[in-house]
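The values are calculated or read from the model by the stated rules, or taken from the named source; none is laboratory data. Since the model is a prediction, treat every value here as computed from it, not as a measurement. Virtual Cβ from ideal backbone geometry, glycine too; neighbours counted across all protein chains shown. Note: areas computed on protein heavy atoms with side chains; ligands, DNA, RNA excluded. Shrake-Rupley method; radii C 1.70, N 1.55, O 1.52, S 1.80 Å.
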Amino acid sequence: MEKLLMLGSSTGSVEIVEHAKKRGLYTIVTDNLPLDRSAAKRVADESWQISTADLDALEAKCREAGVTAIMTGVSEVNIDFQIDLCQRLGLPCYATAESFRFNRDKAAFKEMCRSCGVPVAKDYYLTDALTPEELAAVEYPVVVKPIDQCANRGLSFCNNEAELREGYRLARSFSSAERVIVEQCLTGEEYAAFYALAHGKSSLLSYRRVFKFGDSETPGSYSVVFPTQENIEAFRGVDLALQRLFEEMGCREGIALVQMLCDRPHGALRVIELGYRLDGLKNWLTFDGFDAIQWMLNCATRGGNAVEDLPPSQLTMPARPGCSYIVWSKREGRLARVEGLEEIRKLGVSVHECHEVGETLHPWQYAYIMNFISDGWEAMLETVRTINSLLVAEDECGNDLLMRFTSFDAVAERYQ
């Protein structure tokens, strides 16, 4: 019998375990979490109480148990462990240490982008010395971020030298690297492109617009992500360059996400981030007609997918758009009362609860991640409205803890 070991209980782990079980695989989940705090362990056939970082113990246990495949959710740390453990055991893995380093090493990624003709923002590299020459070269405003982190950890927006120095210190506190990236602060709309990879070839799964809460500049304040045709002509050239980029980076199998910003007022797209993995917002649940989890399971069990199985590049608007809706917390408070989740699930919406009742929420945290596919953009907006009306999350005093997306006119304008 084929046995799949899932490293950790991060976002995506439950769905991967459920898919694997339907495929007839025996599933095992391992990490330090107790059973009552790991939904992935509760749905798996077996669970181990071994840290994902204890590779020696895991290697021995995998050999003893006859594990034939290894996967993880969206945790980048666990993907590092997955690559290492698969190499030790001689098992297939969608990524290699060399290809996955571009996921974290922003300097190497941007250098590779330039060599492949992928447009990126102008940047500056500062050292701990913060020399007068380094500081004098900076043109404000800028974004400051660690060279080896993701998900906005250690990120700051800076408008002058004092803010830059503070942002540099923050970025360094998140990183062990000796350099910090300081790059041109782009103002404009945010986009995302998702790709399927097979034998070094790539195909566009979805080109999407990212909407924030109004004009919020809070890092990571995105709220809804959905397919679009905005700037599609500009993206066509970027798409070809990205396909060359994947080949040069050695990204041969799996799923990849590329984040972009529109450089206003010029209207040019600039690539800002790579995610060589399933994304944390679970957009992979919203690709109509394409099963991203099965694609990744094929990488873990068979070593990859056939080139002829790549779907046609989705450069046109899909008939059934998929949407990811992130509901954020807006205030500090202990989550005491939640209602509406089962009614929302009955709408065909996948609901990821980022916090359980009894936990304390802080401002600007993910509260819920909703994913669904709809019959057109109007139906998509109606589903978001319905989610807003059904979802209740309050503290002990009855205070609403959530921020809800309400910029429906802005979305409708883009589609019309």
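Check Lys106, Lys122 and return the single one that is under 18 Å from Glu273 (Cβ atoms), open to solvent by less than 30 Å² (accessible area, probe 1.4 Å) and modelled with pLDDT under 95.
Lys106
Would you say Ala379 is more than 24 Å from the chain's Cα centre (by Cα), open to solvent by 30 Å² or more (accessible area, probe 1.4 Å), among the small types (Gly, Ala, Ser) and closer than 24 Å to Gln416 by Cα?
So Ala379 fits the description; yes.
So, of the residues in region 46-71 that are β-branched (Val, Ile, Thr) and under 25 Å from the mean Cα position of the chain (by Cα), which turns out to be farthest from Asp31 (Cα to Cα)?
Ile70
Every residue in region 50-109 that is aromatic (Phe, Trp, Tyr), over 22 Å from Leu35 (Cα atoms) and not in a loop (DSSP other than H, G, I, E, B), please.
Within region 50-109, Phe100, Phe102, Phe109 qualify.
Can you name the condition, by its number, that Ala336 falls short on among (1) closer than 24 Å to Pro227 by Cα; (2) surrounded by fewer than 18 Cβ atoms within 10 Å (Cβ to Cβ); (3) out of contact with any helix residue (DSSP H, G or I) (no Cβ under 7 Å at 6 or more places or on another chain)?
(1)
For Ala129, only one of the following conditions fails: (1) part of a helix (DSSP H, G or I); (2) open to solvent by 70 Å² or more (accessible area, probe 1.4 Å). What is its number?
Evaluating Ala129 over (1) part of a helix (DSSP H, G or I); (2) open to solvent by 70 Å² or more (accessible area, probe 1.4 Å) leaves (1) as the failure.
Taking strands (runs of 3 or more DSSP E) that fall entirely within region 168-222, which contain at least 2 residues that are among the aliphatic types (A, V, I, L, M) and at pLDDT below 85?
Ranges flagged: 179-184.
Filter region 110-119 for residues that are touching a Leu at 6+ places or on another chain (Cβ under 8 Å) and part of a helix (DSSP H, G or I); which is most open to solvent (accessible area, probe 1.4 Å)?
The residue in question is Met112.
Which ones in region 12-24 are open to solvent by less than 10 Å² (accessible area, probe 1.4 Å) and part of a loop (DSSP other than H, G, I, E, B)?
Within region 12-24, just Gly12 meets the criteria.
Going through region 174-206 one residue at a time, which ones are more than 19 Å from Leu310 (Cα to Cα) and of a type outside the set (A, V, I, L, M, F, W, C)?
Residues satisfying the conditions are Ser175, Ser176, Glu178, Arg179, Glu183, Gln184, Thr187, Gly188, Glu189, Glu190, Tyr191.
Among the residues of region 298-325, count how many are in a helix (DSSP H, G or I), crowded, with 20+ Cβ neighbours inside 10 Å and either among the hydrophobic types (A, V, I, L, M, F, W, C) or modelled with pLDDT under 95 (or both).
Number satisfying all stated conditions: 2.
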